[in-house]
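Presented below is the structure to which this report refers.
Every number in this text was worked out from the coordinates using simple rules, so none of it is lab data. Just so it is clear, the structure is predicted and the values come from calculations on it, not from any experiment. Cβ: placed from backbone, ideal geometry, glycine included. Neighbour counts: every protein chain shown.
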Amino acid sequence: MNRKYLFTLMFIVGYLLSSCNGTKNKINDEKVRDSIGADLSVKPTHVERKHKVIHFESVNVDSIVGIYRVLYKTQDDGQIVTTYPITDGKGKDTVCYASQNVILTINKAGKDIILNRKIQRDDFRSFIPKNEISKYCISNFKITDITTTGIKFSINFCVPDTDVCYWFELIVSDNGNIKINEVIEKESDM
């Protein structure tokens, strides 16, 4: 009989402890979610639940080139790029894509941070018409050249799953200044 009471008591104590820990974890999870949500500077655009949001594959690069250490990664920025195909005109084939930013960090000679910055769609507003920019997102970002005065990157903004793009050259100088040049294709390049 004592054994029966002992097992029952252990069961009740175990249940109470797990219930207390479950509540504690929920509170901690909410704090984590709140802190993550507070870090996002851009709130997501409202998208109807019937549309699935397609996320691009995350890219993480950690590279040492010459005297530079270049780290960059892509991450969702909380904005949505919506495409409206012409096939039925009723929105049934609407596709939503998660827009991305690039977090870029460049160290020189293993110690000096010359740049730690988020590269985002708004940085290119002077090149892409205001009424079109929401249709584009970063589709490609890569190192193209290292010079004695800085690093050059290629960056493309495209309408998702199309070849409708803007091409840019992003130049980061040794002192951390950024210069953006639009790359315009010549007809002979086509």
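Here are some notes:
- Scaled to the globular estimate 2.2 N^0.38 Å, the Cα spread of the stretch 53-189, given as radius of gyration, is 1.16.
- Label positions at V53 and I143, each projected 7 Å from the Cα along the C-beta direction, are separated by 3.2 nm.
- Placing +1 on the Cβ of every Lys and Arg and -1 on the Cβ of every Asp and Glu, with no other charges, gives the stretch 63-188 a dipole of roughly 440 debye about its Cα centre.
- Annotation: amide H-H contacts under 5 Å for V59 (H modelled 1.01 Å from N, sequence separation of 5 or more, or interchain): T74.
- Modelled spin-label separation between S126 and K73, with each label point placed 7 Å from Cα along the Cα-to-Cβ direction: 3.0 nm.
- Simple label model, 7 Å out from Cα along Cβ direction - A109 to T82, nm: 5.2 nm
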